[in-house]
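For reference, the structure discussed in these notes is given below.
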Amino acid sequence: MATSAHAAPTTAERPAVQPSAPGSRAAITVTRTGPLTVVTDLGRPGHAHLGVPRSGALDPEALRLANRLVGNAEGLAGFEVLLGGLELRAEAGVTVAVTGAPMAVWCRGEHGGRRAVGSHRAVHLRAGERLELGVPAAGLRGYVACAGGLEVLSELGSRSTDLLSGLGPAKVADGFRFELGAAGEVPAEAGPVPVSVPPARIVVPVLLGPRDDWFADPAGVLRATVWTVGSASNRIGLRLAGQPLVRVPERAGTELPSEPMCPGAVQVPPSGQPVVFLADGPTTGGYPVVGVVPEAALGALAQARPGSEVHLHPA
Amino acid sequence: MSPAVRLLRFGGSGVLVELSSGAEVMAAYRTLRAALADGTLGDVVELVPAARTVLLTVAAGTTPPHEQVRELLTRPLDALGGSAGPGEVAGAADVVIPVRYDGTDLDLVARTAELTVPEVVELHCSAEYTVAFCGFSPGFGYLTGLPEPLRQARLDDARPQVPAGSVALAGEFTGVYPRSSPGGWRLLGHTDQVMFDPTADPPARLAPGDRVRFDRVR
C-alpha cells in the first residue's frame with residue numbers, strides 16, 4: 001500500500017522546530033479545503049428528544065488519537081477531511097497531527113520547499129509553514145487536530161458541523177481562519193503510531209431488531225449479500241445496495257408510525273435497500289429498523305468508500 | 001391500569017419501549033424522564049419519545065436497564081411518582097404561539113374539511129395541543145390534539161422550501177417549522193417566534209409533554 005505514513009524524516013534530518021508551548025495560543029488559516037472539510041468533535045449527545053442529532057466525528061477513534069498526539073483532551077474540535085486535499089497555514093508555531101485514512105502529509109516552508117512529515121504523529125509547524133494533505137490511498141476520512149483545539153462557537157455542548165440539521169459551524173471554506181485554544185503539553189512520544197489501513201472488504205456486526213420481524217429471513221439476507229456502498233452516502237447515512245430486504249406479507253404496505261432512530265440504526269425504506277444512519281442521522285424516522293450496527297463498528301463504515309464491499313454479520 | 005409494555009432490543013445499548021397509544025407513550029416518557037432525573041436509571045444518554053415508542057440509550061459498552069424500565073412501566077399508572085399530574089412531563093411548559101393565519105394551503109384545508117377559512121382558523125386556534133415528540137429538525141414538535149376535520153393528508157409533493165416559522169398540519173399532527181426546509185405539510189400560517197436557538201437555554205421552544213395553544217394575530 002502506497003502511503004508515506006512511516007516515511008517521515010528522522011529527527012536528525014529535521015530542522016529543530018519546537019512543539020506548541022504549553023498554554024500558548026495560536027491560529028491557523030485554511031488555504032484549501034479539499035472536497036469537504038468540516039469542524040468536528042465528539043458530538044452533542046443528550047438532545048435527541050428535541051430533534052437534535054448526535055453529530056460529531058464519524059470515526060471518533062481517529063479524532064481522539066489525533067487529539068492525544070498533540071496533547072489535547074480527546075474531545076477537542078478538529079477537522080474531518082473527506083478525501084484529503086486540505087491545506088492550512090500556521091499563523092504562529094503550532095503542533096498538529098493527521099490521523100484516520102492513511103494519506104501523505106507534507107509541511108511546506110514559507111519559501112516553497114516541502115518535506116514529507118507523515119500522518120499519525122505530531123508535526124510542529126512554524127509560523128508561516130503550511131500543512132498539506134494528500135489524497136488517501138484507502139479509506140475516506142482524515143482527521144486533523146491542532147494543539148489547543150479549534151475555537152469555534154459551541155452549540156449544545158459541541159463544535160461539530162451537523163450537515164443534516166444545520167447546527168454548528170458552516171462547512172470549512174478557503175480562507176477560514178481558526179483561533180486555537182490554549183495548548184496542552186505535547187506528549188514526548190507523539191507518534192508515529194501504527195496506521196490502520198481500511199480494508200477493501202469491511203465486515204461489521206448487526207444486532208437484529210427492533211423490526212427484524214417485518215422482513216423475510218432478515219439474518220439470511222443480511223449475511224448472504226455482498227453490500228455495495230452507494231455514492232449517495234454521506235454523514236447522514238451509508239447507503240447499501242444489494243439483494244433487497246423483502247417484507248413479510250402481513251407487513252407489506254404497512255406504515256410504521258415515526259420511531260426514534262440513532263447512529264448505527266439500519267433503516268429499510270420501501271426499496272429494500274438499507275441505510276445505516278451515521279452521526280448526522282435523524283432522531284426519528286418512518287421506516288422499520290431491521291438491526292443496529294454497534295457504535296464501535298461505525299468508524300469502519302465511516303471509512304467505506306462508495307463502491308466498496310460491506311459484509312454484515314447479523315446476530 | 002398498566003399500559004401494555006413491550007421491550008425491544010435496539011442495538012447493544014438501546015431499548016425500545018413499544019406502547020399502544022400516544023397517551024401511553026406520554027405516560028411512559030414522563031415516568032422514565034422522572035426516573036432519569038432521580039438517577040434511578042443510571043447513565044442514560046438519550047431518552048426519545050416518538051409516535052408509539054420510546055427509545056432509551058446508554059453509553060456504548062454498558063447495558064441498558066431493561067429490568068428497571070420494565071419495573072417502572074408495569075407499575076399501576078396512579079402509583080407513579082413525581083409532582084406532575086397524570087399525563088404530564090415534569091417540567092412541561094404551557095406555550096402560546098402567536099400565528100398569523102395566512103398560509104398558502106388555507107383554502108385547500110378548508111375545502112378538504114368542508115369548512116370556511118375562518119372556521120378552519122377558529123378550530124385550529126381554539127384547540128389545546130400536546131408536544132408528542134420532536135424530530136425532522138431540531139425543535140420541530142409533532143403536536144397532537146388536532147380537531148378531527150383538520151386531520152388531512154400530506155401534500156402529494158413536498159415543497160422544496162418551506163419558510164421558517166410556518167405553521168402547518170399533516171395527518172394527526174400540527175407543528176411549526178423551526179427553520180426553512182423542505183416540507184410536505186399543509187401550511188396554515190406563520191409565527192415570528194424563534195422555535196429553536198442552539199445558544200439559548202432551553203434551546204427549543206417546544207419539548208415533549210409541553211402543552212401548546214396557537215393565538216391568532218392579525
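Every number in this text was worked out from the coordinates using simple rules, so none of it is lab data. Because the structure is a prediction, the values reported are computed rather than measured. Don't worry about glycine lacking a Cβ; one is built from the backbone with ideal geometry, like all the others, and counts go over all protein chains shown.
If R0 is 41 Å, what FRET efficiency do you get for residue A:243 and residue B:43 from their C-beta distance, rounded to 0.05? Kindly include the intermediate steps, with their values, before the conclusion.
On the way: r = 39 Å, r/R0 = 0.95.
E between residue A:243 and residue B:43, to the nearest 0.05, is 0.60.
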Task: Derived scalar couplings ³J(HN,Hα) [the stretch A:246-260; Karplus, 6.51 cos²θ - 1.76 cosθ + 1.60; whole Hz; x for Gly, Pro] - done: 10, 6, 5, x, 6, 9, 4, x, 6, 9, 8, x, 2, 10, x
TODO: Between residue A:179 and residue B:71, with labels modelled 7 Å along Cα→Cβ, what's the label distance in nm to one decimal, could you check?
DONE: 5.0 nm
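Using DSSP loop states and a limit of at most 15 other Cβ atoms within 10 Å to flag GluC sites (Glu not before Pro), what is the longest stretch of chain B containing no flagged site? The partial results should precede the final answer.
Numbers: sites that count: B:114, B:128.
Longest run free of exposed loop sites: B:1-113.
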TODO: Can you pull a Stokes-Einstein diffusion coefficient for the stretch B:134-197 at 37 °C (0.692 mPa s), Rh from Kirkwood over Cα pairs, as a whole number of µm²/s?
DONE: 280 µm²/s
Task: Simple Cβ-charge dipole of the stretch B:112-218, Lys/Arg +1 and Asp/Glu -1, about Cα centre, in debye nearest 20 - done: 180 debye
- [ ] Loop only per DSSP, at most 11 neighbouring Cβ atoms within 10 Å: give me the GluC sites (Glu not before Pro) in the stretch A:175-277, ordered by residue number.
- [x] A:189, A:255
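Using DSSP to call loops (not H, G, I, E or B), can you name the GluC sites (Glu not before Pro) in the stretch A:12-100 whose Cβ has at most 12 other Cβ atoms within 10 angstrom? Could you put the intermediate results ahead of the total?
Numbers: sites: A:13, A:61, A:74, A:80, A:87, A:91; in loops: A:13, A:74, A:91.
Taking the stretch A:12-100 and a limit of 12 other Cβ atoms within 10 Å, the loop GluC sites (Glu not before Pro) found are A:13.
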Open item on the list: Using a Gaussian network model on chain B with a 10 Å cutoff between Cα atoms, which of B:179, B:70, B:30 fluctuates the most?
Closed with: B:70
- [ ] Could you run the Debye sum over the Cα atoms of chain B, one equal point scatterer each and no solvent, and tell me log10 of I(q)/I(0) at q = 0.11 Å⁻¹, two decimals?
- [x] -0.58
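Taking all pairs of distinct Cα atoms, average 1/r, flip it, and tell me the Kirkwood hydrodynamic radius of the protein assembly as shown in Å to one decimal place.
Answer for the protein assembly as shown: a Kirkwood hydrodynamic radius of 24.8 Å.
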Open item on the list: Which of B:165, B:103, B:141 ends up with the largest GNM mean-square fluctuation for chain B, with Cα atoms connected below 10 Å?
Closed with: B:103
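Between residue B:158 and residue A:21, what's the calculated FRET efficiency when r is the beta-carbon distance and R0 is 45 Å? Round to 0.05. Write down the numbers at each step before the final one.
Working: r = 54 Å, r/R0 = 1.20.
Computed FRET efficiency for residue B:158 and residue A:21 comes out at 0.25.
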- [ ] Sort out for me the Cα centre separation of the stretch A:237-315 from the stretch A:152-199, rounded to whole Å.
- [x] 27 Å
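In nm, what is the difference between 0.36 nm times the number of residues separating residue B:192 and residue B:6 and their Cα-Cα distance? Mind dumping the intermediate values first?
Working: separation 186, 0.36 × 186 = 66.96 nm, distance 4.11 nm.
Taking 0.36 nm per residue and subtracting the Cα distance, the gain is 62.9 nm.
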Task: Mean ellipticity per residue at 222 nm, deg cm²/dmol - from DSSP H runs of n ≥ 4 across the protein assembly as shown, formula -39500 (n - 2.57) - done: -4000 deg cm²/dmol
Open item on the list: Two decimals, Cα atoms only, Kirkwood Rh: what is Rg/Rh over the stretch A:178-315?
Closed with: 1.09
Open item on the list: I want to check the label-to-label distance for residue A:197 and residue B:112. Put each point 7 Å from Cα in the C-beta direction and report it in nm to one decimal.
Closed with: 5.7 nm
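Would you kindly state how much longer the chain becomes between residue A:232 and residue A:251 on full extension, computed as 0.36 nm times their sequence separation minus their alpha carbon distance, in nm to one decimal?
Full extension of this stretch gives 4.1 nm more.
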